[in-house]
1. If you plug each phi of the stretch 201-210 into the Karplus form 6.51 cos²θ - 1.76 cosθ + 1.60 with θ = phi - 60°, what whole-Hz ³J(HN,Hα) values come out, in order, with x for Gly and Pro?
2. Compute the length gained on full extension between V158 and R384: take 0.36 nm times their separation in residues and subtract their Cα-Cα distance, giving the result in nm to one decimal.
3. Over 19 Å between C-alpha atoms is what I'm after, so list which of K380/K547; K321/K390; K440/K494 land there.
4. Go through 541-553, 427-439 and give me the packing order, highest mean Cβ count within 10 Å leading.
5. Please work out the Cα convex hull volume for the stretch 277-337 and give it in Å³ per residue.
6. Kirkwood hydrodynamic radius, the stretch 431-518, all distinct C-alpha pairs: what's the number in Å?
7. Give, in whole angstrom and from largest to smallest, the semi-axes √(5λ) of the equivalent ellipsoid of the stretch 147-230, with λ running over the eigenvalues of the Cα gyration tensor.
8. In debye to the nearest 20, how big a dipole does the stretch 161-421 give about its Cα centre with +1 on each Lys and Arg Cβ and -1 on each Asp and Glu Cβ?
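The values are calculated or read from the model by the stated rules, or taken from the named source; none is laboratory data. For clarity, every value in this text was computed on a predicted model and none was experimentally measured. In this analysis, Cβ positions are derived from the backbone assuming ideal geometry, glycine residues included, and neighbour counts consider all displayed protein chains. To get the accessible areas, we keep the full protein, side chains included, count just its heavy atoms, and leave off ligands, DNA and RNA. Shrake-Rupley method; radii C 1.70, N 1.55, O 1.52, S 1.80 Å.
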Amino acid sequence: MLRGCVGFSSFSSCSSSCSFSTTRTTILGRKFFPRSLAAKSNSFLAAKKTRTAACAAKKRSVLSSIRSETNNSSSFHSEKVVSTEEDKEKEETEGGRDWTEKMVKSENFEKGKARAFEAYSRNNESGGSILTLKTDDELNLEEHARPKWSRDRETANVPSTSRALLSIAPMMEYTHNHFRYLCRLLSKRVWLWTEMEVDMTLKHVPVELRNKYVDFTLNQHPLVMQLGGSDADALGFSASLAKPHGYDEINLNCGCPSEKVAGKGCFGATLMRDPDLVAECCAAMAKNADGIPISVKCRIGVDGNDSYDELYRFVETIASKSPVRRFHVHCRKALLNGISPSQNRSIPPLRHEWVYALARDFPECEFFLNGGVKTLEEVKTQLRCQPTDKATANTIKGVMIGRQAHADPWGLLSRADVELFGESENPCKSRRDLLAKYAKYCDATQGKNGTMKDGSPVPAPRHFMHSIQNIFAGCTNAKIWKRLVDDQLQGSRKKEPNLTVTEIMERTLGCIPDEVLDAPPGYANFGSDAPAGEYVPIGEGLSEEEKEWTSEVPVVGGNFLARKDLGRIFS
């Protein structure tokens, strides 16, 4: 069958081999069908057109009903929801509001909305605010109402020497300025990372827009900037841009398995196949960073290159040919074909033992473990226990956590300073304290980067609210609050272009019990399995005898592979 023969010469040379008995022949891009097939094709197209029209009509009907429901519920100035007589009688007999009830059903959403509206109206009449602390302690919000940015730095930054016992991993579309500001409010000691910034983007973006990519608030220290790329000159130039902003560390991404990065981009996890190129890039970054430490974040292998010997040579080459002495290792291999980046965080088996083996084999370097750790107790376990001999072998220097920091920021970070770093107190006394500070920052930063064509500010309230959407994870009415926030954000560009984060919180936080808003770090979430108001201590982690490792500690020359194809796997 001929397809797309271009030009008459091509047609004449191929015409002898063409058979007119073929059901479909393509000549110069035109398709010819026998009459019998043409009739069938016409009837098929007519039926398809009818089905398409029916689906479109059904879709329009559904969308119109959704819009009408949204319009009825999105405005907070709509009429107060009236409860049924049964509900009123229940509240009276039980002594007012029953906060222990998990209002997850649709009818209970209306109750939560009504309670939030009541609190909002009450505060409007009295001139109060739901973000005012219920204690006698004064809340200093001035520094958050006027955040200082790195581009306005008056003095040079000295790279932090604080131990990176816990770091928040770089995550695209998550670890932006707003989320990092929230994390810094929760912990002063945890190390924060930027999103990955691509070297070519920083090199070719207009000068007036570069601050959008490298600027940050000064309170975010210690902060690591992660770069992505494979061009030594471009990476060196990017490092020179980061220098005046005063980052505490600059990292090269050698572990991202995304198709856009490791596939078309030819960097990320693909770089693990070329350690000499990585060493060249790191040397160029160090030359232009003027003393800022350079590090590498990598996996333990890529596709078929997943032996411990290859990982050893990767680290050895970089350490010998560049000033890099810090390695952040995700303890899984990367599969670049067939699975997505999210599957790459769960399908390849974890090999924590490999990072401890690297720490044993390279005592002059620092290694940080990433992958499979979700709680502070697990962090303590990884830092205390090691599968290698403590008397003779070095151990890891810290642990990195990624998605869990966004899934439950309060649960992970609110008491990290006391429990992990040995501080005397935690920065935030309650969620109300945290949200009051964060709201001040959001209102001061809103519209910092200008406006869009429709006049909406950049950044807008939806950018800020994304960072705190899980701040009530596991608490009573958390889903109700998220739905109320979503209603506020829907259509706010046209209806309320000047809507602020503070106003959104004033309108929605009334559905959250005061017991949750004012609970100190470490106290059980109201409505959870533990009794309300009971402090739940963080354990010290597992002991050496209790900790179970999943495989042997690899050694060079032992034919150790990251895949599950040897008899050395314990689980």
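1. Once θ is set to phi - 60°, the couplings for the stretch 201-210 become 5, 5, 6, 9, 5, x, 4, 5, 9, 5 Hz.
2. Values: separation 226, 0.36 × 226 = 81.36 nm, distance 2.96 nm.
Answer, rounded to one decimal: 78.4 nm.
3. K321/K390; K440/K494
4. Packing order, densest peptide first, comes out as 427-439, 541-553.
5. On the way: hull volume 5.1 nm³, N = 61.
In the stretch 277-337, the Cα hull volume divided by residue count equals 83 Å³.
6. Over the stretch 431-518, the inverse of the mean reciprocal pair distance is 13.4 Å.
7. 21, 16, 12
8. In total the dipole reaches around 580 debye.
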